[in-house]
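Novice: The structure that follows is given in the form of C-alpha cells.
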Amino acid sequence: MHPLEIGGMGSSLDDLFKRVLSAKIFVNRDLLRPDYIPEDLPHRETQIKRLGAILAPALIGSRPSNIFIYGVPGTGKTAVTQYVLKKLDTEGKNNGASLKIAFINCKHDNTDYRVLADVCEQVGERVPFTGLAVSEVYKRFVKLADDSKSSIFVVLDEVDSLVKKAGDEVLYKLTGVNKQLSRARVSIIGITNDLKFTEYLDPRVRSRLGEEELVFPPYNASELEDILRKRSVASFYKGVLGAEVIKLCSALAAKEHGDARRALDLLRVAGELAERNGELKVTEDHVRRAQKEVEKDRVVEVVKTMPLHSRLLILSLHLLEKQSGNGGTTGEVYEVYTGVSKNFSVEALTQRRISDLINELDMLGIANARVVSKGRYGRTKLVRLSISDRNLRDALQEDSRMTSYIGK
C-alpha cells in the first residue's frame with residue numbers, strides 16, 4: 001500500500017476518534033445492554049412476587065418446586081430470575097440458609113456433558129472439559145450436591161436449545177436427582193422463548209419440570225417507554241435524547257412482540273450512531289438507521305443458532321428463490337427441502353413438521369408465508385425468504401457445505 005494511502009487512512013481514523021471523544025452522548029452505555037440487571041424491574045412486579053413465593057421455601061430448608069418459565073424474547077424472564085435469586089441468596093446469607101445457584105446458558109452449553117460439568121463447577125468442583133462419561137459427571141454432581149447440604153438452584157436458560165440438540169435425557173436426570181439425595185435439595189428452573197417447547201419433552205420430564213409454570217406476557221408500548229425512560233436517565237447525558245426518540249424506540253419494539261431487549265438495543269445503537277458522527281443529539285433518524293442495524297444483527301444471530309432442519313429449510317427457501325425468483329408453495333418448498341436433506345445425509349422431517357417450521361420462520365420475520373387463492377383450484381400458501389443473501393451467508397458461515405449453496 002502507498003504511504004500516502006496509509007497516512008490518509010490514519011488521518012480518517014484520527015478524525016473518527018476525535019468525533020467519538022467530542023460527542024458527549026453516553027454516561028454509561030452498558031446500562032442499556034441486555035445482560036445488565038437493574039435494581040428495579042418495572043412492570044414485572046407480579047412475576048417477581050410469584051417467583052419469589054415459589055422459591056422462598058429454600059430459606060427454611062424445604063425444596064421449592066421445579067418451575068418452567070416461558071414467554072417471547074425480551075419479556076424479562078432471565079432478568080427477573082436473576083433478580084429474585086440474587087435477593088434470595090442475600091436473604092439466605094443473612095439468615096444462615098445454605099443456598100447455591102448454578103446459572104447455565106444452554107445456547108452455549110448445549111450438550112449433556114457441558115451442562116453437568118458447568119453445574120458442578122458453579123456448585124463447587126471443576127470437571128475436565130472432556131474425557132469423562134456423562135454418567136460419571138452426573139455421579140460427581142450428586143455427591144457434590146449431597147456433600148454441600150445446601151438448597152441448589154439449577155437455572156437452565158434457553159433450555160430449548162439443549163433439548164433440540166441433545167434431547168431431554170439430562171433434564172430427566174436433573175429433575176429426578178432429589179431421589180438420590182439425603183442432605184441436599186435441588187430445584188430446576190427452566191427458561192425458554194419457545195412457547196411450544198413442552199411438545200418436545202417426554203411426558204415424564206414435562207410433569208417433573210412443570211411443577212409450577214410462570215408465563216411472561218409481552219410489554220406494551222407504554223411499558224417499554226417507561227422502561228427506556230428510567231434506564232436512559234443514567235445512560236445518557238441530560239438533553240441528549242430528542243423528544244420523540246424513546247417513544248419511537250418503544251413503538252418499534254412493541255410491534256416486535258413487546259421485546260424490551262430490542263427497545264434497549266435500538267436506543268443504544270441510535271446513540272452510538274450519533275456518537276460516531278460527532279453529533280450532540282440523538283434523533284429519530286438515528287433510531288430509523290439503528291433499526292436496520294439491529295434487524296440485520298438479530299436475523300444473523302437467530303439463524304445461526306437454529307436447529308439443523310430449520311437451517312436446511314431456510315437454505316431450501318433460498319434455492320427455490322434462485323430458481324423461481326418468487327418463492328414457492330409449501331409442496332414445492334418440501335420437495336426442495338427433501339433434496340437438500342438427502343445431500344446432507346440426514347433424514348427429512350415430515351411435511352407437517354416442515355409446515356410448522358415455516359410458520360415459525362414467518363413469525364420471526366425470516367420468511368414470508370401468505371395464503372393466496374388459486375380460483376377453482378382452492379387456496380395455497382406461498383412462501384418466500386425475507387432475508388438477504390449477505391445476512392444468510394453471515395449466519396451460515398460456520399458450515400462451508402451450506403455457504404457453498406449461496407451465491408456470492
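Novice: Check segment 12-19 and report whether any residue there is touching a residue at least 40 places away in the same chain (Cβ under 8 Å), buried (at least 18 other Cβ atoms within 10 Å of the Cβ) and aliphatic (A, V, I, L, M). Steps first, answer last, please.
Specialist: Initially, segment 12-19 is screened for residues touching a residue at least 40 places away in the same chain (Cβ under 8 Å), giving 16, 18-19.
From what's left, buried (at least 18 other Cβ atoms within 10 Å of the Cβ): none.
No, segment 12-19 contains no residue that is touching a residue at least 40 places away in the same chain (Cβ under 8 Å), buried (at least 18 other Cβ atoms within 10 Å of the Cβ) and aliphatic (A, V, I, L, M).
Novice: Among the listed residues N368, N359, which satisfies the condition of being among the polar types (S, T, N, Q) and in contact with a Lys or Arg (Cβ under 8 Å, 6 or more places away or on another chain)?
Specialist: Working: N359 fails: in contact with a Lys or Arg (Cβ under 8 Å, 6 or more places away or on another chain).
That would be N368, the only listed residue that is among the polar types (S, T, N, Q) and in contact with a Lys or Arg (Cβ under 8 Å, 6 or more places away or on another chain).
Novice: Let me ask another. Search segment 390-406 for residues being of a type in the set (D, E) and modelled with pLDDT of 80 or more, and hand back the single one that is surrounded by the fewest Cβ atoms within 10 Å (Cβ to Cβ).
Specialist: Checked segment 390-406; the qualifying residue surrounded by the fewest Cβ atoms within 10 Å (Cβ to Cβ) is D399.
Novice: Within segment 220-232, is there a residue that is part of a loop (DSSP other than H, G, I, E, B) and either closer than 17 Å to A23 by Cα or over 20 Å from the mean Cα position of the chain (by Cα) (or both)? Even if it seems obvious, please write down each step before you answer.
Specialist: Quick first cut of segment 220-232, residues part of a loop (DSSP other than H, G, I, E, B) only: 220.
Then drop every residue that is not either closer than 17 Å to A23 by Cα or over 20 Å from the mean Cα position of the chain (by Cα) (or both), which leaves none.
Among the residues of segment 220-232, not one is part of a loop (DSSP other than H, G, I, E, B) and either closer than 17 Å to A23 by Cα or over 20 Å from the mean Cα position of the chain (by Cα) (or both), which makes the answer no.
Novice: Further question: How many residues, within segment 87-97, are in contact (Cβ under 8 Å) with a residue 12 or more places away in the chain and out of contact with any helix residue (DSSP H, G or I) (no Cβ under 7 Å at 6 or more places or on another chain)? Spell out how you get there, then give the answer.
Specialist: As a first pass, look at segment 87-97 and keep what is in contact (Cβ under 8 Å) with a residue 12 or more places away in the chain: 87-89, 91-92, 95, 97.
Cutting the leftovers down to out of contact with any helix residue (DSSP H, G or I) (no Cβ under 7 Å at 6 or more places or on another chain) gives us 87, 89.
So the answer is 2.
Novice: Taking T338 as the residue in question, decide whether it is among the polar types (S, T, N, Q) and outside any helix (DSSP H, G or I). Talk me through it step by step, then tell me what you get.
Specialist: Numbers: among the polar types (S, T, N, Q): yes; outside any helix (DSSP H, G or I): no.
No: the conditions fail for T338.
Novice: Also: Could you pull out the residue among L357, L361, L320, L385 that is touching a helix residue (DSSP H, G or I) at 6+ places or on another chain (Cβ under 6 Å), of a type in the set (A, V, I, L, M, F, W, C) and either assigned by TED's automatic domain parsing to the domain that holds K255 or closer than 23 Å to G167 by Cα (or both)?
Specialist: Answer to the check: L357.
Novice: Please verify whether L13 is at pLDDT below 75, more than 30 Å from I69 (Cα to Cα) and assigned to a helix (DSSP H, G or I), treating the condition exactly as stated. I'd like the intermediate steps shown before the answer.
Specialist: On the way: at pLDDT below 75: no; more than 30 Å from I69 (Cα to Cα): yes; assigned to a helix (DSSP H, G or I): yes.
So L13 does not fit the description; no.
Novice: Output the residue which, of all residues in segment 94-106 that are touching a strand residue (DSSP E or B) at 6+ places or on another chain (Cβ under 8 Å) and not in a strand (DSSP E or B), is surrounded by the most Cβ atoms within 10 Å (Cβ to Cβ). Don't jump to the end; show me each part of the working.
Specialist: Here is the first cut: in segment 94-106, the residues touching a strand residue (DSSP E or B) at 6+ places or on another chain (Cβ under 8 Å) are 97-106.
Checking the rest, the ones that are also not in a strand (DSSP E or B) come to 97-98, 106.
On the way: A97: 16, S98: 14, C106: 26.
Step by step, filter segment 94-106, then rank; the result is C106.
Novice: Which one of these does R288 not meet: (1) surrounded by fewer than 17 Cβ atoms within 10 Å (Cβ to Cβ); (2) touching a helix residue (DSSP H, G or I) at 6+ places or on another chain (Cβ under 6 Å)?
Specialist: For R288, the failing item is (2).
A quick yes/no check of all residues on (1) in a helix (DSSP H, G or I); (2) under 19 Å from S187 (Cβ atoms); (3) β-branched (V, I, T):
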position	(1), (2), (3)
L21	yes, no, no
I37	no, no, yes
D40	no, no, no
I54	yes, yes, yes
P57	yes, yes, no
P64	no, yes, no
G74	no, no, no
V80	yes, yes, yes
V84	yes, yes, yes
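Novice: So for segment 124-133 (the condition being touching a residue at least 24 places away in the same chain (Cβ under 8 Å), surrounded by 20 or more Cβ atoms within 10 Å (Cβ to Cβ) and either among the small types (G, A, S) or not assigned by TED's automatic domain parsing to the domain that holds L264 (or both)), does at least one residue qualify?
Specialist: Going through segment 124-133, the residues touching a residue at least 24 places away in the same chain (Cβ under 8 Å) turn out to be 124.
Those left that are additionally surrounded by 20 or more Cβ atoms within 10 Å (Cβ to Cβ): none.
Checked segment 124-133: no residue is touching a residue at least 24 places away in the same chain (Cβ under 8 Å), surrounded by 20 or more Cβ atoms within 10 Å (Cβ to Cβ) and either among the small types (G, A, S) or not assigned by TED's automatic domain parsing to the domain that holds L264 (or both).
Novice: Would you mind telling me which numbered condition in (1) in contact with a strand residue (DSSP E or B) (Cβ under 7 Å, 6 or more places away or on another chain); (2) in a loop (DSSP other than H, G, I, E, B) F129 fails?
Specialist: (1)
Novice: Could I ask something else about it? Hey, can you tell me all the residues within segment 369-389 that are assigned to a helix (DSSP H, G or I), modelled with pLDDT under 80 and of a type in the set (D, E, K, R)? It would help to see each step written out before you state the result.
Specialist: Initial filter on segment 369-389 (assigned to a helix (DSSP H, G or I)): 375-377, 389.
Subsequent filtering for residues that are modelled with pLDDT under 80 retains 375-377.
Once the filter is applied, which keeps residues that are assigned to a helix (DSSP H, G or I), modelled with pLDDT under 80 and of a type in the set (D, E, K, R), segment 369-389 yields only R376.
The values are calculated or read from the model by the stated rules, or taken from the named source; none is laboratory data. The model shown is predicted, which means the values in this text are computed figures rather than measured ones. Note: ideal-geometry Cβ built from the backbone for every residue, glycine included; neighbour counts use all protein chains shown.
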